[in-house]
Amino acid sequence: MKVLLAGPDYEENLSIRYLSGSLLSVGHETVLAAFNAAVEIGAVANAAQDADLVGLSICFQARAKEFLALAREIKSRDPKKLVVAGGHYASCAAGALLANHPEIDIVAIHEGERTLVEIADAMPGLEERLPEIAGIAYRSGGRVCFTKARPTVEDLDSLPAPDRRGPVHMVAGVPTSYLMGSRGCYGNCAYCCITTLHRLAPGKRFRQREVERVADEMAALYWERGTRQFVFHDDNFLVPSEARNHERISGLEKALKGRGVENIALLIKCRPADANERVLRRLKDLGLVRVFLGVEAATARGLTALERNQSVDDSVRALDTCGALDISAQFTLMTFNPDATLDTLRADVAFMRRYCGNP
C-alpha cells in the first residue's frame, strides 16, 4: 500500500516519521508531506492523489479546522480514499470527530505505529477487519465504534527507527536532529494533554529506551547526516531519581565515546526538581547547551491548582543553577490558570522580572 503521512514539519515531525519507519519496515510505500499552514492544503491534496491511505497527524486542537479542511479536499477528489487521523487531539476527541466529520474515516488512538501497520495490512478488505484492530475508533451503521484499547509499547527499542528522509535541519548553521530517548510523562498535571492521552491506553505511561540504542541512533545521525546538535523531545529527559540520572548519563558518555561521537550539543526538557547542579554539570560536559523547564507557576497556590507536584524553590534553584553553569534555560508560566488571583498574578510577574534574561 502507498501511504501519505501529513503533519507539521518545522522540526522533523517524529510522529509521522516513526509511523513511516514502521510502515516501510513491512514493505509499504510512504510519502511524507509537510502541512504547516492552510495555504498548503492544495499541495498536500495533490501529493495524496496516488496514495491508498492518508494519515493526518492532528496533534493540536488549534489546527483541527485546517486538517479537517485538508481531509475534505482529499475526499472531494476521491470519496473512497481512506483518511486516518491520529495524534493527541484526534485521540482525545475521536468520538466527536467521527460523529461530526465524515471526511475522517478512522481515528488511531494513542501510539499509532502498530495500529497503522495493521490498518494498511488489512486493505483492501479493511471494513470486515476493523473490529479486530485494537486502538481505533470508526463509524459503522451510523454510529461511532471503539475497539479495545491498544496497550502502550513497553519496549520502545522494538519499534523501527524513524524515517529520516529529507534534508538535514540547520539551526544557526548547525546540522540538527530531533530524537526521543523516552515516551510519556511520570507527572499527572491537571491541565496537560499528555496526562489525558495516557488515560486512553493501558500499560506503562513513562518508558525509557536503552542508552545503547539511543547512542546507536545518535551515532548514525552523526556519521551519516552530519548532525552535531541533538534536540531531545522527551517530556522528562531526567527523572526524580538522581542515581538513575547519573547511571544513564554514565552509560551515554561511554556509549557515545565508543562510537566516536564528540563535540556535540544537547538540548533537553525536564522538570525543575530534577535539574540539580551535579546532574546538569555532567550533562554540560557531555554537550548540554539548553534546558526547557516547566515552571508553570510562581506560587504554591498556583502549583497546587495545576497539580504540578513541585515547589517554587525547585524552579528558582534550577534557573539559578543553569545561570551559574552558563546553560541557556527557557521556562513557561501558566499565569492565567483557572484559580489565579491578583496575588498569584503579581507573584508570576515578579518571577518573570527576576528571570527576564531567560526567554
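The values are calculated or read from the model by the stated rules, or taken from the named source; none is laboratory data. Since the model is a prediction, treat every value here as computed from it, not as a measurement. Using ideal geometry, Cβ is built from the backbone for each residue, glycine included, and neighbour counts are taken over all protein chains shown. Note: areas computed on protein heavy atoms with side chains; ligands, DNA, RNA excluded. Shrake-Rupley method; radii C 1.70, N 1.55, O 1.52, S 1.80 Å.
When the Debye formula is applied to the Cα atoms of the range 102-214, each taken as the same point scatterer, what base-10 log of I(q)/I(0) results at q = 0.16, 0.17, 0.18, 0.22 Å⁻¹? Taken in order of the listed q values, log10 I(q)/I(0) reads -0.94, -1.01, -1.07, -1.23.
Please report, in debye to the nearest 20, how large the charge dipole of the chain is about its Cα centre when each Lys and Arg carries +1 at its beta carbon and each Asp and Glu carries -1 there.
That gives a dipole near 400 debye.
Ranked by the mean number of other Cβ atoms within 10 Å per residue, highest first, peptides 15-21, 47-53 order as 15-21, 47-53.
Here the range 112-130 is scanned for amide nitrogen atoms under 14 Å from the site 7 Å beyond the Cα of Asp78 along Cα-to-Cβ, giving 124. Structural descriptor for the chain: relative contact order 11 percent, calculated from alpha carbon pairs under 8 angstrom and at least 6 residues apart.
Grab the Cα-Cα distance for Met170 and Ala134, subtract it from 0.36 nm times how many residues apart they are, and report the gain in nm with one decimal. Residue separation times 0.36 nm, minus the Cα-Cα distance, leaves 9.1 nm. Give the calculated FRET efficiency between Tyr10 and Phe336 to the nearest 0.05, with a Förster radius of 25 Å applied to their Cβ-Cβ distance. E(calc), rounded to 0.05, equals 0.45. With a Cα cut-off of under 18 Å and a minimum spacing of 8 residues unless on different chains, the lysine pairs in the chain number 8. For the range 172-236, the solvent-accessible area works out to 42 Å² per residue, with a probe of 1.4 Å and every protein chain left in place. About its Cα centre, the dipole of the range 1-92 is roughly 340 debye, where the only charges are +1 on Lys and Arg Cβ and -1 on Asp and Glu Cβ. Kirkwood radius for the range 149-217, taken over all pairs of different Cα atoms as the inverse mean of 1/r, rounds to 14.3 Å.
Pick out, in residue order, every one of the chymotrypsin sites (Phe, Trp or Tyr not before Pro) in the range 267-359 that is DSSP loop and has at most 14 other C-beta atoms within 10 Å; say none if there are none.
Phe336
Considering only Phe292, Val279, Ser250, and ranking their Cα positions along the charge dipole of the range 230-307 that arises from unit charges at the beta-carbon of Lys, Arg, Asp and Glu, the one farthest toward the positive end is Ser250. Amide H contacts of Leu82 (H built 1.01 Å from N, in plane; Pro and chain starts excluded): Val54 sit under 5 Å, all sequence-distant by 5 or more or on other chains. Over the range 65-158, Cα pairs under 8 Å with separation of 6+ residues give a relative contact order of 23 percent. Note on the range 6-137: with neighbouring protein chains present and a 1.4 Å probe, carbon and sulfur make up 52 percent of its accessible heavy-atom surface.
Compactness of the range 245-338 is given as radius of gyration and Dmax, 15.1, 50 Å, from Cα positions.
Each helix, a run of at least 4 DSSP H residues, gives -39500 (n - 2.57); summed and divided by the residues of the chain, these come to -11500 deg cm²/dmol at 222 nm. Charges were assigned to the Cβ only: +1 to each Lys and Arg, -1 to each Asp and Glu. The resulting dipole of the range 231-290 about its Cα centre is roughly 100 debye. Average accessible surface for the range 288-359: 53 Å² per residue, computed with a 1.4 Å probe over protein heavy atoms with every protein chain in place. Quick check: the distance between the Cα centres of the range 36-67 and the range 275-339, to the nearest angstrom? That distance is 36 Å.
Counting protein heavy atoms only, the range 200-356 has 51 percent of its accessible area on carbon and sulfur, 1.4 angstrom probe.
Only one residue of Gln310, Val171, Gln229 has its Cα farthest out toward the positive end of the dipole of the chain, where Lys and Arg carry +1 and Asp and Glu -1 on Cβ, and that residue is Gln310. Cysteines of the chain lacking any other cysteine Cβ under 4.7 Å from their own Cβ: Cys59, Cys92, Cys145, Cys185, Cys193, Cys270, Cys322, Cys356.
Extension gain for Leu200-Val39 works out to 54.7 nm (0.36 nm per residue, less the C-alpha to C-alpha distance). Here the chain is treated as an ellipsoid with the same Cα gyration tensor; its semi-axes, largest first and in whole Å, are 36, 25, 19.
When only Cα pairs below 8 angstrom with a gap of at least 6 residues are kept, the range 254-359 shows a relative contact order of 28 percent.
The Rg/Rh ratio for the range 163-276 is 0.99, where Rg is the radius of gyration of the alpha carbons and Rh is the Kirkwood radius. Taking the three principal axes of the alpha carbon atoms in the range 8-51, the coordinate ranges are 33, 26, 8 Å, sorted in descending order. Between Arg259 and Arg244, full extension at 0.36 nm per residue minus the direct alpha carbon distance yields a gain of 3.1 nm.
Just name one of Ala137, Pro151, His101: the one whose Cα is farthest towards the positive end of the charge dipole of the range 66-153 (beta-carbon charges, Lys/Arg +1, Asp/Glu -1). Value: His101. The mean accessible area for residues of the range 1-75, using a 1.4 Å probe and ignoring ligands and nucleic acids, is 40 Å² per residue.
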